[in-house]
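Single-structure report; data block below.
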Amino acid sequence: MTKQNNSPNGVVNGTIMNNKPMTGQSPRSHLPPETRIVSSPLISKGRGPSGIVTIISLRVQGMEELWHKCTEEAIASMLSEYRQVVTRCCKDFHGFEVSSHEDQFLIVFQNPWDAINCCLTIQSALVQIPWSNEVTTCQYFSRLEDTRGIAGRTLLFHGPRVQVGVSRGKVRSEYEYATGSTRYSGSELDIAVGIARIAKGGQVLVNTTAWTEVQRPQLTPCVHNDTGRHKVEASDKRLRLIELLPAALAERSKHFGTSCSNCGDRIRPDQGYIKALGRHWHLKHFRCCHCNVPLMDSYIVKDGMPYCLDDFFTLHARTCHGCDTIITGSYIEAMSNYWHPDCFVCQKCRRPPEGNENIYELNALPFCLKCYHEVASSVNNGRSKSQNKVLRSTEITKHHTVVKS
């Protein structure tokens with residue numbers, strides 16, 4: 001952490017001091033992009049949420065370009081407008097502002113649905129503001145419309161593109177009566193900041209801890225996509241992150257790219273990929289879970305895991321009771337055995353069962369009614385009639401092919 005004592009918005013004794021709404025002049029950013037802006041403990045006025053909380057981290061993408069191209073008056077106006085949106089949404093959804101520094105905010109919420117709704121509302125609100133032409137000439141602040149939508153032109157980006165990270169976990173909080181401040185500390189704060197650094201401008205990334213605790217009716221209309229696992233600062237393991245976007249801005253997703261579910265890296269537009277198991281994979285990273293061979297053609301899924309055909313049939317294939325060969329496609333489950341569809345027929349006349357016709361079991365083999373009486377009367381099988389079972393059509397289970405390609 002670099003200490004800067006010549007800025008009213010700098011870092012003092014390792015603590016991020018809260019900004020006041022900016023008017024008139026705005027100081028230039030003193031911190032290089034790679035500098036971590038969160039340093040525990042963090043101090044904010046008032047009594048905030050405690051225990052297990054949801055933290056959101058906000059940062060504007062492309063601020064370096066803005067400082068180089070725009071006047072300080074234009075930047076101050078943009079930051080003031082941006083802060084008003086964040087502050088208003090924070091208040092509406094019961095958030096508690098822990099710290100802020102120019103374009104960056106750290107806010108905690110007791111409920112995860114309040115935090116996510118706040119993020120979605122901020123993204124929707126920022127697009128509707130009439131930002132100055134000077135600001136929108138910058139790459140990450142420019143206006144971008146989708147002209148291929150069914151409803152015509154849809155505004156996707158306009159003004160600051162905010163990177164949002166959402167994390168949920170336990171933090172340490174201490175309310176100090178003397179100063180009226182709540183002091184926060186804990187790695188979960190840094191994890192939220194790390195997730196925001198991964199997010200693209202205009203994107204909300206939520207870890208599964210927060211996402212699994214909300215239900216769709218609790219959220220404003222939105223779309224979500226699983227982006228796979230990512231290496232996040234302050235976390236010792238890869239975190240699975242869910243992309244959230246307001247429903248009206250759903251087409252933004254195609255501008256962010258897709259992450260490989262195996263390695264977590266972005267799949268570039270010039271790279272091929274496979275969409276399987278509801279996720280995206282680099283071609284070389286979608287592999288058989290047993291032999292680790294890339295699955296370029298067909299594969300079979302068992303218990304949520306992909307197998308190449310050879311390994312699946314070797315490890316899990318069933319044997320047909322009728323012909324005693326391996327079943328590689330659809331099959332029928334009946335009489336406590338498995339059958340090829342062509343093998344589950346009357347063992348005398350070779351006719352398959354029709355409609356609601358009952359099947360009669362004799363020596364663990366299927367027969368139609370006519371053939372059953374002929375065989376049973378002519379062959380002394382040593383079984384009483386009570387041992388011969390009638391199999392109704394509803395007791396026959398048909399399994400369809402599970403091979404995918």
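Filtered by the rule that a residue be among the hydrophobic types (A, V, I, L, M, F, W, C), in a loop (DSSP other than H, G, I, E, B) and open to solvent by 10 Å² or more (accessible area, probe 1.4 Å), the stretch 172-214 gives Ala178, Val214. The residues listed here are Val293, Val223, Val232; of these, the one that is buried (at least 19 other Cβ atoms within 10 Å of the Cβ) and β-branched (Val, Ile, Thr) is Val232. Ser298 falls short on exactly one of the conditions (1) over 30 Å from Gln271 (Cα atoms); (2) in contact (Cβ under 8 Å) with a residue 60 or more places away in the chain; (3) not acidic (Asp, Glu), and that condition is (1).
Only one entry in Ser77, Ser142, Ser124, Ser132 is open to solvent by 20 Å² or more (accessible area, probe 1.4 Å), small (Gly, Ala, Ser) and free of Cβ contacts under 8 Å to residues at least 24 places away in the same chain, namely Ser142.
Within the stretch 58-117, take every residue that is assigned to a strand (DSSP E or B) and among the small types (Gly, Ala, Ser) and give me the one that is nearest to Gly186 (Cα to Cα). First the steps, then the outcome.
Pass one, the stretch 58-117, residues assigned to a strand (DSSP E or B): 58-60, 96-101, 104-109.
Subset that is among the small types (Gly, Ala, Ser): 99-100.
On the way: Ser99: 14, Ser100: 17 Å.
Filtering the stretch 58-117 for residues that are assigned to a strand (DSSP E or B) and among the small types (Gly, Ala, Ser), the one nearest to Gly186 (Cα to Cα) comes out as Ser99.
Given the conditions (1) in contact with a Ser or Thr (Cβ under 9 Å, 6 or more places away or on another chain); (2) closer than 23 Å to Ser253 by Cα; (3) surrounded by fewer than 20 Cβ atoms within 10 Å (Cβ to Cβ), which single one is not true for Pro112? Status for Pro112: all satisfied but (3).
Just one of the numbered conditions (1) farther than 25 Å from Leu155 by Cα; (2) among the polar types (S, T, N, Q); (3) at pLDDT below 80; (4) open to solvent by less than 50 Å² (accessible area, probe 1.4 Å) is not true of Gln271: (4).
Checking each residue in the stretch 55-64 for being farther than 24 Å from Val108 by Cα and in contact with a helix residue (DSSP H, G or I) (Cβ under 6 Å, 6 or more places away or on another chain) picks out only Gly62. Of all residues in the stretch 146-171, those satisfying the criterion of being in contact with a helix residue (DSSP H, G or I) (Cβ under 8 Å, 6 or more places away or on another chain), part of a strand (DSSP E or B) and among the small types (Gly, Ala, Ser) are Gly149, Gly165, Ser167, Gly169.
Among the residues making up the stretch 251-265, those that are closer than 16 Å to Ala199 by Cβ and either among the small types (Gly, Ala, Ser) or surrounded by fewer than 20 Cβ atoms within 10 Å (Cβ to Cβ) (or both) are Ser253, Lys254, His255, Phe256, Gly257, Ser259, Gly264, Asp265.
The values are calculated or read from the model by the stated rules, or taken from the named source; none is laboratory data. All values reported here derive from a predicted model rather than from experimental measurement. Every residue, glycine as well, gets a Cβ built from its backbone with ideal geometry; the counts of neighbours run over all protein chains shown. Surface areas here come from the heavy atoms of the whole protein model, side chains and all, with no ligands, DNA or RNA. Shrake-Rupley method; radii C 1.70, N 1.55, O 1.52, S 1.80 Å.
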